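Structure first, then comments.
The values are calculated or read from the model by the stated rules, or taken from the named source; none is laboratory data. No experiment lies behind these values; they were computed from the predicted model shown. Counting neighbours? That spans all protein chains shown, and the Cβs are built from the backbone with ideal geometry, glycine included. These accessible areas exclude ligands, DNA and RNA; they are computed on the full protein's heavy atoms, side chains included. Shrake-Rupley method; radii C 1.70, N 1.55, O 1.52, S 1.80 Å.
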Amino acid sequence: MKEVKLGSQGLTIPPIGLGCMGMTTGFGGDIYGKADEKETIATIHRSLELGGNFLDTADIYGPFLNEQLIAKAIKGNREKYIIASKFGFEIDDNGQATGAFNSSKNYIKKAVERSLKNLGTDYIDMYYQHRLDTNTPIEETVAAMGELVKEGKIKYIGLSEVNSETIRRAHQIHPLTAVQSEYSLFERQIEELGILDTLKELGISLIAYSPVGRGFLNGTIQKPEDFNENDFRRFIPKYQGEQFFKNVELVNEIKKVAVEKNITSAQLAIAWVIAKGHTPIPGTKRVKYVEENIDAARISLTQDDLNRLESIIPLGTETGARYDAESMKGVNL
């Protein structure tokens, strides 16, 4: 695959990454169904074979299990991968999430050492603050991350789920390479809030997680019962009640466009993000789907295609909240 520049600090990556969250258990259960370790490692290896060497993880996924899985997958080939991880959800010394956010200088030092050990590496390529810690000034957090860059423990700095003001304040302390937020045909709040305009102005890239709407945009989910009983998507307002069925109608319209182009709905959703100038990191734990996702990076969409898709779900369309009320308090701060 042709590489693209991420930010303006010198990092180059493929036009599509691999979200690894669902490859292990986390947040109290399975994520998007059960994961098989052998298959997930094969997925990472197949992604590399196809040029997809940009892996996205976080210490809270597990906690720690996801980073440890990646360590197994990349062992002996560390230099071939670009690894992104995150800190910020506080995890105590017993490996338990406390429910708080912590981005103090002392905690960051502890978190990065833990991630380096779990990943089996001596550096992390992209290191993000996962969620804003409102008890710690962003200037203090980014200054501490800048020290890690000087020490060679991380190479590039990013933030996740933050607003324009936070981005500007952080960028003054140390140049940001990327901001990670949920972004898809189904979720364009950061566009409505002007956050994308801020990133463009400052030369910071967007890493778009859940570009397939947490799998909903692939068109196979047609009724609530299609979610497994313990699937966490059942608890997201976007996929509940009357909103669920409204969203299915929108997905079915997108599906028609995909059928015309002889591609899958998921591929169309991924290609849309890339055509908008951003880097999607669709998650999967299966070889079949990582092959399909990477194929999507080769799909060219015209402006007419973009206009048609965006006429199905115009900016400002109500598609439901992407987290429960409590979790929504932690985004776009």
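Contact map, segment 133-162: residues that are within 21 Å of residue 8 (Cβ to Cβ) paired with residues that are surrounded by fewer than 16 Cβ atoms within 10 Å (Cβ to Cβ) and among the basic types (Lys, Arg), Cβ distance under 6 Å, separation 6+ or inter-chain. Pairs shown: 138/169. With respect to residue 37, determine if the residue is of a type in the set (Asp, Glu) and without any contact (Cβ under 8 Å) to a residue 12 or more places away in the chain. No; evaluated as a whole, the condition is false for this residue.
The condition (being touching a Leu at 6+ places or on another chain (Cβ under 9 Å) and over 27 Å from residue 25 (Cβ atoms)) is satisfied by just one residue among 312, 294: 312.
Every test in (1) at pLDDT 95 or above; (2) assigned to a helix (DSSP H, G or I) is passed by residue 327 save one, and that test is (1). Out of 258, 275, one residue alone is open to solvent by less than 10 Å² (accessible area, probe 1.4 Å), out of contact with any Cys (no Cβ under 6 Å at 6 or more places or on another chain) and under 17 Å from residue 302 (Cα atoms). It is 258. Apart from one condition, residue 34 fits all of (1) surrounded by 14 or more Cβ atoms within 10 Å (Cβ to Cβ); (2) not in a helix (DSSP H, G or I); the exception is (1). Before we move on, is residue 235 touching a residue at least 12 places away in the same chain (Cβ under 8 Å) and crowded, with 20+ Cβ neighbours inside 10 Å? The answer is no for residue 235. Taking the criterion of being more than 24 Å from residue 12 (Cβ to Cβ) and buried (at least 24 other Cβ atoms within 10 Å of the Cβ), the residues of segment 41-68 that qualify are 59, 61, 66. Number of residues in segment 261-272 that are in a helix (DSSP H, G or I) and surrounded by fewer than 17 Cβ atoms within 10 Å (Cβ to Cβ) equals 1.
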